[in-house]
Each structure stands twice: as C-alpha cells, then as structure tokens.
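S.K.: The structure's right below; bear with me while I get my questions together.
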Amino acid sequence: MNCKLCSALFQEYLENTLSEDLINELNNHMNHCERCGIFFRTYSLTVTLSRQVETPSCVSTEKIQRLTALLCERLLSK
Amino acid sequence: MSNTKDKLSDAALVIRIKDDDSKALEEIVKRYSNKVYNLAFHLTRDASAAEEIMQEVFLTVIAKIATLTNEAYFATWLYRVTTNAAYGFLRKEKKFSDQPSVDDMNQDQSPTYDWSTLPDDILLSEESSSVLRESIDSLPETMRTIVIMKDVDGFKNEEIAQSLGLSVPAVKSRLHRGRLILRRTLSDYFRKYSDASGEDV
Ligand SMILES: [Zn+2]
C-alpha cells in the first residue's frame, strides 16, 4: 500500500465496499503514515459536515393539500 | 383506503396514475413531496423557487407519466425532472454559474494540519457551515449537484447516476473530486485555529 493508492480508496472505504484484507492494509498504512491518517480523517469529516450543512425541511400539510387538489383537478381534466 | 395504498410499490401507483387514479397520485405526492422539495431547495437555495419547482415537477408527472415506460424507474425519473427544473431556475437567475479554474482542483497541498480534532463548537459553527455551503456552491454545476444529492441529501450513487444520465463511476469520480475541493477549503478555513493553539504549521 502506498499513499496514492491509500487516498484513492477513501471513497470506497466510506461506502463500505472494501474487502476486509484491503481495510486492514489501509488501516495499517494509516497507522504508520501520519499524512494519510490526517487526510482520511479530514476527508471523512468533510462528508459528515456536508450532511449537516442543511437541515431537511418539511413541506406544510396545507401546501401539500393545495398541491394535491391542483394535481387531482389537472389529472381529471386531462 | 390509504392503508392499502401505503403498501403499494411506486410502480403499482404509477400504473394507477396512468389510469387517472387520483388516490394513487395523492399517495405519490405524500411519498415524494418532501424529497423533491428538499432537493430543489438545496440546489436553488431559494424556498419559494423550491415550492414552484415542486409544483412544476408534479404537473410534469401528470403530463408525461404515459412516457415513463418502466414504472420501476419512477423515483429517478422524478429526481431527473427536479434537477432539470432546478437547473432551469439557476440559468434564469444566473446563480452559481462561476466555474472554478483548473487550479482550484489542484489538491496536492499536503494535509499536515489535523483539524478533525477540533471541538464541535468550532466544527459545527454557523461560520464554518457557511464556508462549506459557499464552497459547495462554487463547484462546477454537475459536481455541485452530485455533492448535494449524495452528501447533503443522502441519495444512492445509482439513483444519482440514473437521475443525471451518468455512469456510476462518473458520479463517484466527480463526487470524490468535489469532496477534495471542499476538504481543502475547510482545511484553509480551520487553519486559523491551529495558529491559536500555538502549533507550528
Ligand atoms: Zn500515506
């Protein structure tokens, strides 16, 4: 495992698609290579922070009702 | 009656909508309105545009549902209609049209500062969120859409690929490059906290 391969596998690592052997190799490399360890931690934290950048909104029940009424009218008048 | 509809698959509901079944349409709206709204909102950053897009998307569903030959692809078709409507809005408003130069993609800077150990109040501050949001908005259009769909809204790679008409590897490579750009922006931003702690940079 070298640094280039290591960083190329970060994405698959987060997707949980790597074999156990490869995960061990990757962890082993990161335990010895400070640069890749930091790179991986900040890469995965970037993904985590992106997830929190927006709070999911809910469309209000009234708006859904209004939309549904409009759509049903349109559907039946086709 | 809605109890039995709840158990129907999307494909079964779509077949009923093709037969002008308004209850099936209601169920589809209930199932997907929040997803469509959030995706439109995150792509446009405009709540009233997102509402209009949501309405436009479902009107398109009614108008074009007959052209959807494989009912199982309903969800990705819906997301494709949503992203296209959002792009239409962004073009009209000329929002986020600045493309970063190739230099911005250069991610060779050595990541020597470990900001992952910073406390949550710094990592999750309003300021760091807005730095990240601005960085997402400055990504090239398709990359920005992919990052929003995957990392902000939690869509699957396959759903994103089908919605955008790209291959899964193409989605993954843009996602990875996008994340590298965001990571670098955050590294630059958080670096000021390494100075404060007296560490050598
Ligand atoms: Zn390394």
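S.K.: What pairs can you find where one residue is in the stretch B:32-53 and facing chain A (nearest Cβ under 8 Å), the other is basic (Lys, Arg), and their Cβ atoms are less than 8 Å apart, with a gap of 6+ or different chains?
M.R.: Filtered contacts from the stretch B:32-53: B:GLU51/A:LYS63.
S.K.: Mind listing whichever residues of the stretch A:39-51 are within 7 Å of chain B (Cβ to nearest Cβ) and out of contact with any Ser or Thr (no Cβ under 7 Å at 6 or more places or on another chain)?
M.R.: Within the stretch A:39-51, A:TYR43, A:THR46, A:VAL47, A:LEU49, A:SER50, A:ARG51 qualify.
S.K.: Still on this model: Could you list, in sequence order, the residues of the stretch A:1-18 that are among the aliphatic types (A, V, I, L, M), open to solvent by less than 50 Å² (accessible area, probe 1.4 Å) and within 15 Å of the ligand (Cβ to nearest atom)?
M.R.: The one that is among the aliphatic types (A, V, I, L, M), open to solvent by less than 50 Å² (accessible area, probe 1.4 Å) and within 15 Å of the ligand (Cβ to nearest atom): A:LEU9.
S.K.: A follow-up question, please. Which one is nearest to the ligand (Cβ to nearest atom), of the residues in the stretch A:53-73 that are exposed (fewer than 13 other Cβ atoms within 10 Å of the Cβ) and part of a loop (DSSP other than H, G, I, E, B)?
M.R.: Here the residue is A:THR55.
S.K.: Ok, one more. Being of a type in the set (D, E, K, R) and within 12 Å of chain A (Cβ to nearest Cβ) is the filter; apply it to the stretch B:54-89 and report the residue that is surrounded by the most Cβ atoms within 10 Å (Cβ to Cβ).
M.R.: Restricting to residues being of a type in the set (D, E, K, R) and within 12 Å of chain A (Cβ to nearest Cβ), the top hit is B:GLU56.
For (1) open to solvent by 20 Å² or more (accessible area, probe 1.4 Å); (2) more than 11 Å from chain A (Cβ to nearest Cβ); (3) within 30 Å of B:PRO119 (Cβ to Cβ); (4) assigned to a helix (DSSP H, G or I), each residue gets a yes or a no:
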{"residue": "B:SER135", "(1), (2), (3), (4)": "no, no, yes, yes"}
{"residue": "B:ARG144", "(1), (2), (3), (4)": "no, yes, yes, yes"}
{"residue": "B:LYS150", "(1), (2), (3), (4)": "yes, no, yes, yes"}
{"residue": "B:GLY154", "(1), (2), (3), (4)": "yes, no, yes, no"}
{"residue": "B:HIS176", "(1), (2), (3), (4)": "yes, no, yes, yes"}
{"residue": "B:ARG184", "(1), (2), (3), (4)": "yes, no, yes, yes"}
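S.K.: Now for a different question. If you go through the stretch A:19-44, how many residues are open to solvent by less than 30 Å² (accessible area, probe 1.4 Å) and away from the ligand (no atom under 15 Å from the Cβ)?
M.R.: Going through the stretch A:19-44 one residue at a time, the tally reaches 1.
The values are calculated or read from the model by the stated rules, or taken from the named source; none is laboratory data. Here the structure is a predicted model, which means the values were calculated and not measured. Ideal geometry is used to build each Cβ from the backbone, glycine not excepted, and the neighbour counts take in all protein chains shown. Ligands, DNA and RNA are excluded from the accessible area calculation, which covers all protein heavy atoms including side chains. Shrake-Rupley method; radii C 1.70, N 1.55, O 1.52, S 1.80 Å.
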